[in-house]
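The values are calculated or read from the model by the stated rules, or taken from the named source; none is laboratory data. In this text, all values refer to a predicted model and were calculated from it rather than measured experimentally. Glycine also receives a Cβ, built like all others from the backbone with ideal geometry; neighbour counts cover every protein chain displayed.
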Amino acid sequence: MPKGKRDLYDVERVIQQFKTLQRIGELIQKETKGKETFLEILETMGGAISYSSACIFALNPRENKLEEVVKIGRKNDLISFVKFDLGLGFSSWVAKYRKPIFMPNIKRYRESVDNHIHSFMSVPIIISDDLMGVINVSNEEPDSFGKLDLDIIKIIASQISSLLGWQYTRSEIGNRRSRFSDGDSIRKGGRVILSFTGKNS
């Protein structure tokens, strides 16, 4: 691609990424903030990053395990047969150590067990030093992601953290109200499972 056209393409791409982040911010401000909002976020994310699969995990505080919230495309975790403290696969490693994984071309590192995944990113979702979940993004084509894409995912993870925090707070409030209505006392340090089905444990 000639330099002039490449520069124009880069500018247009940055503008599109900015608009995508703005749109995700608007989604988070919506009145409805259930599972459908997380799905809309992944769908909108496609305007900034070309991916074939994406998934958002939330931390279940009672079980101390990651649980899938929403997914687009095929399974997009790596080494899903390997167990870590917070579950299986690279997602649980990312959650435990709170460090992102960036693998633009998996074949450079090893033969992938998941043959449909050739590019992979995984980023922890954190708010106020508390782990809320993990977001995974993958592509069937190698070298699909660059460092800028990783930065974009980090920003999106930061946006999602406020949404997961809001959802957790709402679940906790609903749980406490339920205990009051049942005449039960609220135990100090009681924890709630984040629910996207409208049911609290």
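List of remarks:
- For the stretch 136-155, a residue qualifies if it is over 13 Å from Phe102 (Cβ atoms) and either charged (D, E, K, R) or out of contact with any Leu (no Cβ under 7 Å at 6 or more places or on another chain) (or both), and the qualifying residues are Glu140, Glu141, Pro142.
- For the stretch 168-182, the criterion of being more than 17 Å from Glu67 (Cβ to Cβ), modelled with pLDDT under 50 and among the acidic types (Asp, Glu) is met by at least one residue.
- Inter-residue pairs, beta-carbon under 9 Å, first part of a helix (DSSP H, G or I) and in the stretch 18-30, second among the hydroxyl-bearing types (Ser, Thr, Tyr), 6+ apart: Thr20/Thr44; Arg23/Thr44; Ile24/Thr44; Leu27/Thr37; Leu27/Thr44; Ile28/Thr37; Ile28/Ser162
- Scanning the stretch 31-47 for residues that are among the hydroxyl-bearing types (Ser, Thr, Tyr) and assigned to a helix (DSSP H, G or I), we see that the one that is nearest to Leu163 (Cα to Cα) is Thr37.
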